[in-house]
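Reviewing the structure listed below.
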Amino acid sequence: MAPIRILLADDHTLVRQGLRHLCEEVGGFVVVAEAENGAQAVALACAEQPDVILMDIVMPDVNGVEAIRRIMHVTPTTRIIALTMYRQEQFMLDAIRAGARGYLLKTVDIKELIAAIKAVHRGDYLIDPIIATRVLSEFYLPIPQRPRIEPLTESEMAILRLVARGAENEEIARMLKCSVYTVANRLRTTYEKLYVANRTQATLYALRQGWVALDEQPE
């Protein structure tokens with residue numbers, strides 16, 4: 001069987017060098033290219049057609065989530081693992097929505113990383129257990145007793161669905177042909193109506209209510 005071909009995308013040279021050593025010497029994989037930013041990752045993914053990409057989330061020029069989204073648009077069969085230091089649930093949700101099949105922290109054990117690459121190459125999905133536990137516990141906890149939820153307007157619901165799919169305020173404003181101020185104002189009203197405090201909580205609420213699916217993309 002041919003070795004798994006890997007693309008490394010990280011803006012830190014030392015990290016890429018370490019990952020190359022682990023992938024080639026420990027995992028028996030072949031590193032076909034390295035990218036130091038998201039734009040390079042997209043170009044190299046198209047040129048090299050790697051089997052698996054290890055993608056940092058926060059990088060210059062084009063961030064990891066946007067790079068994942070662009071890569072999946074042109075090479076949808078590529079398997080991508082977001083490999084990051086960021087534990088925030090919103091980063092994980094954004095990466096998975098963009099098309100990543102894994103979300104792991106850089107503190108992951110070497111054996112776990114090698115196993116994750118093999119699993120994702122087979123088509124599995126993998127999420128760091130600490131982050132997954134936090135998200136799933138909040139997702140499945142019974143909804144606390146709250147005052148009666150005021151129904152959202154059609155405009156507020158449209159904005160919430162786009163937020164849940166990972167769109168930022170500027171993108172939402174362009175899609176709905178309104179101002180960024182209008183988006184922010186209606187989103188603030190939505191938070192108040194749903195008794196949530198931020199985008200992650202609003203996303204989880206929308207998922208629990210069946211208003212949006214995790215794998216949906218902005219139209």
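Restricting to segment 84-133, give me the number of residues that are at pLDDT below 85, buried (at least 16 other Cβ atoms within 10 Å of the Cβ) and among the basic types (Lys, Arg). Residues meeting the conditions: 1.
Report, by residue number, each residue of segment 26-39 that is of a type outside the set (Val, Ile, Thr) and farther than 17 Å from Val108 by Cβ.
To start, the set of residues in segment 26-39 that are of a type outside the set (Val, Ile, Thr) comprises 27-29, 33-39.
Within segment 26-39, Gly28, Ala33, Glu34, Ala35, Glu36, Asn37, Gly38, Ala39 meet the criteria.
Among the numbered conditions (1) touching a residue at least 40 places away in the same chain (Cβ under 8 Å); (2) within 23 Å of Arg199 (Cα to Cα), the only one that Tyr86 does not meet is (1). Each residue in segment 158-187 was checked for being among the charged types (D, E, K, R), surrounded by fewer than 21 Cβ atoms within 10 Å (Cβ to Cβ) and closer than 24 Å to Met92 by Cβ, and 4 pass. Could you say which residue among Arg70, Arg87, Arg20 is outside the structural domain of Ala164 (by TED's automatic domain parsing) and more than 16 Å from the chain's Cα centre (by Cα)? Of Arg70, Arg87, Arg20, the one residue that is outside the structural domain of Ala164 (by TED's automatic domain parsing) and more than 16 Å from the chain's Cα centre (by Cα) is Arg20. Of all residues in segment 186-200, those satisfying the criterion of being in a helix (DSSP H, G or I) and free of Cβ contacts under 8 Å to residues at least 12 places away in the same chain are Arg188, Tyr191, Glu192. In summary, Cys178 fulfils each of the numbered conditions (1) modelled with pLDDT under 90; (2) part of a loop (DSSP other than H, G, I, E, B); (3) over 22 Å from Ala67 (Cα atoms) with the single exception of condition (1).
Might you check whether a residue that is farther than 16 Å from Ala100 by Cβ, buried (at least 18 other Cβ atoms within 10 Å of the Cβ), touching an Asp or Glu at 6+ places or on another chain (Cβ under 8 Å) and assigned by TED's automatic domain parsing to the domain that holds Ile114 occurs anywhere in segment 46-63? Checked segment 46-63: no residue is farther than 16 Å from Ala100 by Cβ, buried (at least 18 other Cβ atoms within 10 Å of the Cβ), touching an Asp or Glu at 6+ places or on another chain (Cβ under 8 Å) and assigned by TED's automatic domain parsing to the domain that holds Ile114.
Is it the case, given these coordinates, that Arg208 is buried (at least 16 other Cβ atoms within 10 Å of the Cβ), of a type in the set (D, E, K, R) and in contact (Cβ under 8 Å) with a residue 12 or more places away in the chain?
Values: buried (at least 16 other Cβ atoms within 10 Å of the Cβ): no; of a type in the set (D, E, K, R): yes; in contact (Cβ under 8 Å) with a residue 12 or more places away in the chain: yes.
No, not satisfied.
The values are calculated or read from the model by the stated rules, or taken from the named source; none is laboratory data. Please read all numbers here as calculations on a predicted model, not as lab measurements. So basically every Cβ, Gly included, is an ideal-geometry build from the backbone, and we count neighbours across all protein chains shown.
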